[in-house]
Amino acid sequence: MARMDNKAIAWRFYERAWNMRDIATVDELLSPDFVNHEIEGVTAASHRELYKQGILETFAAFPDWTTTIDDLVAEGNKVVMQWKAQGTHTGEGMGAPTGKQIFMNGITIVRVMDGTITDFWKSDNSLLAWKRLAD
């Protein structure tokens, strides 16, 4: 698949799943055997289902959550995204609502094969963001 197509798939996934809150996008654009390399150890649960659960938990805790992709670079079947996200902890999730706003930024690499995302690697400042909720 062409690099532009892979970039479009990655962008469409993040825009629809994380900004339009279209959870069906997870089933559409993440491969059934999707691997989230953030998950350590063995799990009986599908990584795709765990990812979907993570999105729903984020929306429950941060109803105003938004993600912005600042840059996309594609090489072969991998797409690298530089992004930022923010939300206000006003929902029931991830502890009692604090009303605090968090800001995250990071880089995600996705592998696209046959029109779906098969793998996901991410590096971000989420530990600092979650610490802000506890302070």
- Query: What number goes with the only condition from (1) out of contact with any Lys or Arg (no Cβ under 9 Å at 6 or more places or on another chain); (2) in a strand (DSSP E or B); (3) β-branched (Val, Ile, Thr) that Thr67 does not pass?
  - Reply: (1)
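Can you give me the number of residues within the range 60-117 that are among the polar types (S, T, N, Q), farther than 21 Å from Leu128 by Cβ and loosely packed, with under 14 Cβ neighbours inside 10 Å? Don't jump to the end; show me each part of the working.
Pass one, the range 60-117, residues among the polar types (S, T, N, Q): 66-68, 77, 82, 86, 88, 90, 98, 101, 105, 108, 116.
Still in the list and also farther than 21 Å from Leu128 by Cβ: 77, 116.
Right, trim to loosely packed, with under 14 Cβ neighbours inside 10 Å and you get none.
Result for the range 60-117: 0.
Name every residue in the range 108-135 that is closer than 27 Å to Gly95 by Cβ and part of a strand (DSSP E or B), in order of residue number.
Filtering the range 108-135 for residues closer than 27 Å to Gly95 by Cβ gives 108, 120, 122-135.
Listed by number, the residues that qualify are Thr108, Phe120, Lys122, Ser123, Asp124.
Suppose we keep only residues that are in contact (Cβ under 8 Å) with a residue 40 or more places away in the chain and assigned to a strand (DSSP E or B) within the range 79-89. Which one would you say is farthest from the chain's Cα centre (by Cα)?
First pass over the range 79-89, keeping only residues in contact (Cβ under 8 Å) with a residue 40 or more places away in the chain: 79, 81, 83, 85, 89.
Filter once more, so that each one left must be assigned to a strand (DSSP E or B): 79, 81, 83, 85.
Values: Val79: 14, Met81: 11, Trp83: 10, Ala85: 10 Å.
It comes out as Val79.
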- Message: What's the number of the only condition in (1) of a type outside the set (Phe, Trp, Tyr); (2) closer than 22 Å to Val73 by Cα; (3) part of a helix (DSSP H, G or I); (4) modelled with pLDDT of 90 or more that Val35 fails to meet?
- Response: (3)
- Residue list for the range 118-135, restricted to those being surrounded by fewer than 18 Cβ atoms within 10 Å (Cβ to Cβ) and touching a residue at least 60 places away in the same chain (Cβ under 8 Å): Thr118, Trp121, Lys122
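The values are calculated or read from the model by the stated rules, or taken from the named source; none is laboratory data. Just so we're clear, the structure is a prediction, and the values are computed from it rather than from any experiment. Ideal geometry is used to build each Cβ from the backbone, glycine not excepted, and the neighbour counts take in all protein chains shown.
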